[in-house]
1. Inspect region 198-218 for any residue being modelled with pLDDT under 95, over 30 Å from R33 (Cα atoms) and small (G, A, S) and give the result as yes or no.
2. Can you name every residue in region 53-66 that is free of Cβ contacts under 8 Å to residues at least 60 places away in the same chain and closer than 23 Å to L232 by Cα?
3. When both residues are 6+ apart or on different chains and their Cβ atoms are under 8 Å apart, which pairs have a first residue that lies in region 143-160 and is in contact (Cβ under 8 Å) with a residue 12 or more places away in the chain, and a second that is buried (at least 24 other Cβ atoms within 10 Å of the Cβ) and of a type in the set (D, E, K, R)?
4. In region 120-137, how many are within 28 Å of F241 (Cβ to Cβ) and surrounded by 13 or more Cβ atoms within 10 Å (Cβ to Cβ)?
5. So in region 215-254, with the set limited to residues that are buried (at least 18 other Cβ atoms within 10 Å of the Cβ) and in contact with a Ser or Thr (Cβ under 8 Å, 6 or more places away or on another chain), which one is nearest to I153 (Cα to Cα)?
6. Inside region 1-119, counting only helices (runs of 4 or more DSSP H) that do not spill past its ends, which hold 3 or more residues that are among the charged types (D, E, K, R) and surrounded by fewer than 20 Cβ atoms within 10 Å (Cβ to Cβ)?
7. All but one of (1) at pLDDT below 95; (2) within 25 Å of D18 (Cβ to Cβ); (3) in a loop (DSSP other than H, G, I, E, B) hold for A194; state the number of the condition that does not hold.
8. Quick one: would you say I180 is surrounded by 19 or more Cβ atoms within 10 Å (Cβ to Cβ), in the same structural domain as T24 (by TED's automatic domain parsing), among the aliphatic types (A, V, I, L, M) and farther than 21 Å from R116 by Cα?
Amino acid sequence: MKNIIFRLLNIPDLHLYDKNISSTVDYKDECIRILEAVVSIVEKEELDAVVIGGDMYHGMLTKLDFYLETIKYIKRLKEKMDDNLLTIKGNHDISAKHSFTFYDLTVESLNLNRERTISYCNGNVVVNLFDYTDSISNLVRSRAEDCKIHIGIYHNFITPKGLMLNATDKVKFYPEDSNIFDNIDVAIINHIHAQGGLTECVVNGNKLKVLIPGSLNRISLSESHLRNNAFLPLVEVDDEFNVDAKFIEIGLTDIDEFFNIKKSLEIKKVAASFNEFSNKLESIKLSFDKPENDLEKLDIDEEIKQLGLYYLEMANKMEK
């Protein structure tokens, strides 16, 4: 019986965010549910390496409590894996406006491993990590002579032409036109949100396994997000250096509940009305004795007005 000597788990695009995106409802709660599922798997499995495959955060957060909640789960991953919790910087982890992002903050505060090439099993298994890039030269790495299994984990649109996955990416790389996969035995492609599964193929004479798990989170109503599940790629190497690749499935909130256009529009309407209400509060002078009279006169959404009056009523009761 062959013994498994190396196990690696990849965590695809998390897109953690504290606001609803597109027509999603309770997006931040879905983020926490996904993190709980991922951490539960990592804590139960015997793993040699775990890779956060890019797009840890969707954008700049505005709610500190949400960030602290998410980093609590990343910390649990770090406690389980120590320096074998590895990270890739995705395109959403890079900001044109901010030189320091929430990805950078998380990596720095938890001292996450940012090595790009890591050796296991006495150098027989090598893991190569590739950040998001617009240059082919950044996606190629040489192979050590004694390396038996060379694994590449990417955050770019890289796919053999035969798969023909749809994407709006401006930056696309096809390995047949380059030597990206020439030294790779197993390639895990993050960044592509569609679930491409596992493909065994030959690229420029090199035989390899290509895993395209799709994103963990769903950020739009595009076809690639109309699903109730997500996958974590798991790569295993045995003592004869055979590779087995598969997926661990996690369930997501049902799409009819998660993507609720009517409810999403209602939430956005209330949020917009509240912003309008807040702006008007800044521009008027409320009387000290009867502020509710001034609120009654405001030409704003009735639901928001009644909410404001309710808060004033509760404040008056607390004072008494």
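1. There is at least one residue in region 198-218 that is modelled with pLDDT under 95, over 30 Å from R33 (Cα atoms) and small (G, A, S).
2. Initially, region 53-66 is screened for residues free of Cβ contacts under 8 Å to residues at least 60 places away in the same chain, giving 56-57, 59-66.
Residues satisfying the conditions are M56, Y57, G59.
3. Sorted first by the residue in region 143-160, then by its partner, the pairs are H155/D55.
4. 10
5. Result: S215.
6. Details: elements: 27-44, 64-81, 102-110.
Where helices (runs of 4 or more DSSP H) fall fully within region 1-119 and carry at least 3 residues being among the charged types (D, E, K, R) and surrounded by fewer than 20 Cβ atoms within 10 Å (Cβ to Cβ), they are 27-44, 64-81.
7. Condition not satisfied by A194: (2).
8. Working: surrounded by 19 or more Cβ atoms within 10 Å (Cβ to Cβ): yes; in the same structural domain as T24 (by TED's automatic domain parsing): yes; among the aliphatic types (A, V, I, L, M): yes; farther than 21 Å from R116 by Cα: no.
Spelling it out, it is not the case that I180 is surrounded by 19 or more Cβ atoms within 10 Å (Cβ to Cβ), in the same structural domain as T24 (by TED's automatic domain parsing), among the aliphatic types (A, V, I, L, M) and farther than 21 Å from R116 by Cα.
The values are calculated or read from the model by the stated rules, or taken from the named source; none is laboratory data. These numbers were taken from a predicted model, which means no experiment stands behind them. All Cβ positions, glycine included, derive from the backbone under ideal geometry; neighbour counts span all protein chains shown.
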